[in-house]
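The structure appears below as C-alpha cells.
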Amino acid sequence: MSTLEKLITSRSKERRLEELSPFELKDNLIALAADKQKKSSLTMLNAGRGNPNWTATPPREAFYLLGQFALSECRRTMSAASGLSGIPEKHGIGKRLEAFLRENSETPGADLLGKVYLYGVEHHKMEPDSWGLELTEGIAGDQYPVPVRMLRGCEKIVHDYLIQEMCAGKPSHSGRYDLFAVEGGTAAMCYVFDSLFENCLLKKGDKIALGVPVFTPYLEIPELAKYNLKVVNVNGSAIDAEGNHTFQYPEEELDKLGDKSIKAFFLVNPSNPTSVMMSDKSRKYLVKVVRNLNPNLMILTDDVYGTFVPGFTSLMNDLPENTLCVYSFSKYFGATGWRLGVIALYEDNIYDGMLTAIPQKEKERLAKLYESLTLTPGKLKFIDRLVADSRAVALNHTAGLSTPQQIQMMLFASFALFDRENEYKQSAIELLRHRYELLWDGMKWPVIPDPNRASYYCEIDIASWAKQKHGDKFFEWLEKSFEPVDVVFRLAESCSVVLLNGGGFAGPEWSVRVSLANLDDEDYTLIGKILAYTLGEYVHAWKQQTGQA
C-alpha cells in the first residue's frame, strides 16, 4: 500500500467516476475542493473551466452608445409618458447618426462606432440610411432578423474579420463565405450534426474521424443513439526528440483520412485541451491527403482559439470547398455570456454538390420538407438548410440570431479589424503566455518553446514526466497503485485545486488540463507549486515502498 494520505474518494469510486465526461467529473471535484476550503484556510483554485477573466471593453462601449442613439430614434417617432415609443425611421437616419456621433465625440465608444459606420459606407458601399437603420434597428431589437441567416451589413464585416483572423489576412481564393450567425459554438455543433443527418450527408453507422485529444462533446455526440457513428481517432500523438508531446498529427495518422469510407473529419484547432494548433507542415500534408485520396471528405473545424496564435491559418483557407468553420467570439473577447458564434461555408463547396447525388427517394423527401421555403427546394444551398433545420423548417421565417447579438458580434469583429497595431491581440496573447510561464515556473519545469502553442490551456503529461524523471519502474508502480484520475482527486481533496483529467478528452490518460484563462496570474504559480508537491508525494511514497535510493 502507498504511504500517501488516504483519500475520501476510494479507488473503486475513482474508477467509476473516470467514465464521466471531465466536465461532469468537475462537479465532483469542485464539491471536494469546496469541502476542503471550508475545513481550512485554503482558497479554492478552480482551473477546470475555460471562461476567460477578461473583457474587451471598447466594442461594448460602442454597443451601449449605439443603444442610446437607438432609443432617441424610437422616441423621435412616438413618445408617450407611459414609455410607449415608436420604431426607428429610415429616411435621414444616416445623417442623424453622424450628428449624434459628433455631439458625443468624447463619449467612450464614439470613436469605434464612427469607424464602423464609415467602414460600412466607404469600404462596403452601403447606402448610409440603410446601414444606419440596420445598426439602429439591430440594437433596438424591434424587428425579426432579416435575412434570417445574418444581417447583411453585419455579415460583410464579420466576413472581413474571419478573413483577417482565420486566413491570416491572405485568402487562398477569390470567392466569399456564406455566414450563419448562431448562439455560440455549442449551437453551431448541434446545428451541423443535425443538418448533415437530415440531408443524408451522414447516416447512422457511417464512419467519421475525430482529431484527438478534443473537446468532449465531439467525443460524445457521435455516440448518441440518433447518430450512432463509427469513430476513427486521428491521434495528435507526435513527440519530440526528448519524449515530450507536441500534440501534432503524425503523417501516418493523417493518412487515415485518405480512406473514402470516412465521410467527415471533426477537429478543434488549436485543440482543447492541448491548446496547440495544427502545424503548417501537418496542414499541408492533410491538404494533399484530401485532394488526392478523399476529395469529398467533409471537414468541421472549430477554431475558437485560433486568435491566440499569431499568423493562425484555418483549414477553411486551405480546403475551403470541404470545410465548415465554426468560430465563437466567446473566448477572445471575454463574451461567453453573449453566446456569439458563426458558421462559415465557402460559396463553392462540396456539400451543395453532394446534395445532388443523394438517392432519389431522399431528394423527394427533402423537397417535401423544404417546399414551403422555395419553389425549387432541390436547389436550396446547404447553408440555408442549416438555418431552416435550426428552427424545424416550419419556423424558418423567425429563424436567426437575435439582432442585438448580431450587432455586438459585428462590433467585436470591427474592433479587431481596426486594431491595426494588434494591441489587443498582443495583450491577450502575452497574458496567456505569461500565465503559462508562471505555471511551469511554479513546477520548476523548463518551458519548451512551441510556436504552435495558444497557451489557453496547458496539458501536462504526468506519464512523460514520470518516465523522464524517475524511470519506467516508477511509472509502472504508479499505474499499478493508482487510477489516472487520482491526481485530480488528490489535488481537490487535499489542496482545494480543481483541474480536469486529460484522459477524458481522449488525451494521454495520465495527464491533466489546466485552464490558463480564468484565474489571477499569481494563482498559476501556486497551482504549479501544488502540482509539483503532489507529484513529489507519489515519488516519496514509491521510494518508501520499494526501497529506492
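What follows draws every value from the coordinates through simple rules; no lab data is involved. This is a predicted model, so every value here is computed, not measured. Counting neighbours? That spans all protein chains shown, and the Cβs are built from the backbone with ideal geometry, glycine included.
For E476 and E242, a Förster radius of 22 Å and the Cβ-Cβ distance give a FRET efficiency of 0.60, rounded to the nearest 0.05. So, counting K/R as plus one and D/E as minus one, what does the shell of residues with Cβ under 10 Å around Y351 add up to? In short, 0.
The order of I448, I460, I87, I163, going from fewest to most other C-beta atoms within 10 Å of their C-beta, is I448, I87, I163, I460. Can you tell me what share of the DSSP beta bridges in the chain is antiparallel? A percent to the nearest 5 is fine. The antiparallel proportion sits near 50 percent.
Could you work out the local net charge near D194, counting Lys and Arg as +1, Asp and Glu as -1, over the other residues with Cβ closer than 12 Å to its Cβ?
With Lys, Arg at +1 and Asp, Glu at -1, the neighbours total +1.
Dividing the summed helix terms, -39500 (n - 2.57) for each DSSP H run of n ≥ 4, by the number of residues in the chain produces a 222 nm estimate of -14500 deg cm²/dmol to the nearest 500.
Taking 0.36 nm per residue of separation and subtracting the current Cα-Cα distance, fully stretching the chain between T376 and K226 would add 51.1 nm.
Mean sequence separation of contacting Cα pairs (under 8 Å, at least six apart), scaled by the length of the stretch 152-418, corresponds to a relative contact order of 25 percent. Ordered by the count of other Cβ atoms within 10 Å of each Cβ, fewest first, D520, D194, D486 give D520, D194, D486. Rounded, prolate or oblate: which fits the stretch 152-418, taking a ≥ b ≥ c as square roots of the Cα gyration tensor eigenvalues, rounded meaning a/c under 1.5, else prolate when a/b beats b/c? Judged from the Cα gyration tensor, the stretch 152-418 comes out oblate (a/c at least 1.5, b/c at or above a/b). Between N292 and I87, the modelled labels are 5.7 nm apart [label points 7 Å from Cα along Cα→Cβ]. The Cα atoms of the stretch 57-140 give a gyration tensor whose axes a ≥ b ≥ c have a/c of 1.5 or more with a/b no greater than b/c, which makes the shape oblate.
Cβ-Cβ distance of A394 and K204, R₀ of 22 Å, FRET efficiency by 1/(1 + (r/R0)^6): the value works out to about 0.35. When the listed pairs K207/K281; K284/K444; K204/K379; K230/K284 are checked against a 30 Å cut-off, the alpha-carbon distance exceeds it for K284/K444. The modelled label-to-label distance between L42 and L118, using points 7 Å beyond Cα along the C-beta direction, is 5.6 nm. In terms of distances greater than 27 angstrom between alpha carbons, the cross-link table entries K115/K425; K38/K543; K6/K38 yield K38/K543.
As a calculated quantity, the FRET efficiency between W445 and E421 at R0 = 56 Å, using C-beta atoms, amounts to about 0.95.
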